[in-house]
């Protein structure tokens, strides 16, 4: 069964919504260095992450200097730290090394331009980029769409069929994000067979406000597979 992460949670009620709907992981965008609608302070993320029930994991989504990302992780104490910026291979390895004694695992987002299909990374081919990222010590790869207007939460889907080679090439869990909603997540899973799916704007009726019905519909649609 495909796992589900609900990201961009900002309120206690939204944590409850996601957990009660059957989400496997709760995501908190924390002190992200680029303006996004879901940004929280590290102390606020820590408060919300502490509300996660047993067997539901938490993820802090970050970007910026290595020292800051590590400091956020040590404050929030999530199960996963998701690097969602322009980190180099050396920086990714440095974060993994710095958190090795904490039990916090590292995820790396690979953002792909929707117009060209190229990765926002020094290696432009997404399949090859994932193969290299797998060697850095991370626990999983989040494949997300990238547009010129927003670094995440774009609401725009990727060409899933073009990404099939990733699941054949790597052994790490692949988490699919980018424009997913209850209406298309089933098709995305059928095409790519990811370990998990990740949604943020696809369960909102207004930006920055999660909708309980949309969360429930998304989780149900994803877990049919």
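The values are calculated or read from the model by the stated rules, or taken from the named source; none is laboratory data. As the structure is a computational prediction, the values presented were derived from the model and not from experiment. Here Cβ is always computed from backbone atoms with ideal geometry, including for glycine, and neighbour counts include all displayed protein chains.
What the table shows:
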quantity	calculated
Of all residues making up the range 93-116, the number that are surrounded by fewer than 19 Cβ atoms within 10 Å (Cβ to Cβ), modelled with pLDDT of 95 or more and farther than 24 Å from residue 47 by Cα	3
Some residue of the range 20-29 being surrounded by fewer than 19 Cβ atoms within 10 Å (Cβ to Cβ), over 14 Å from the mean Cα position of the chain (by Cα), modelled with pLDDT of 95 or more and over 22 Å from residue 100 (Cα atoms)	yes
Pair list, Cβ under 8 Å, 6 or more apart: the range 58-80 residue part of a strand (DSSP E or B), other residue surrounded by fewer than 17 Cβ atoms within 10 Å (Cβ to Cβ)	62/68; 80/139
Of residues in the range 1-15 being under 16 Å from residue 193 (Cβ atoms) and either free of Cβ contacts under 8 Å to residues at least 12 places away in the same chain or in a loop (DSSP other than H, G, I, E, B) (or both), the one farthest from the chain's Cα centre (by Cα)	1
Some residue of the range 51-60 being surrounded by fewer than 22 Cβ atoms within 10 Å (Cβ to Cβ), at pLDDT 95 or above and closer than 25 Å to residue 167 by Cα	yes
Any hit, the range 207-215, residues being within 16 Å of residue 156 (Cα to Cα) and more than 16 Å from the chain's Cα centre (by Cα)	yes
Single residue of the range 30-50 satisfying the filter (assigned to a helix (DSSP H, G or I) and in contact with a helix residue (DSSP H, G or I) (Cβ under 9 Å, 6 or more places away or on another chain)) that is surrounded by the fewest Cβ atoms within 10 Å (Cβ to Cβ)	43
Checklist (1) over 22 Å from residue 208 (Cβ atoms); (2) at pLDDT below 95; (3) part of a loop (DSSP other than H, G, I, E, B) applied to residue 138, failing item	(2)
Failed item in (1) farther than 20 Å from residue 32 by Cβ; (2) touching a residue at least 12 places away in the same chain (Cβ under 8 Å); (3) in contact with a strand residue (DSSP E or B) (Cβ under 9 Å, 6 or more places away or on another chain); (4) not in a loop (DSSP other than H, G, I, E, B), with residue 145 passing the rest	(1)
Some residue of the range 191-209 being assigned to a loop (DSSP other than H, G, I, E, B), touching a residue at least 60 places away in the same chain (Cβ under 8 Å) and over 18 Å from residue 36 (Cα atoms)	yes
Residue count, the range 86-119 (criterion: under 18 Å from residue 160 (Cβ atoms) and either under 15 Å from the mean Cα position of the chain (by Cα) or assigned to a loop (DSSP other than H, G, I, E, B) (or both))	9
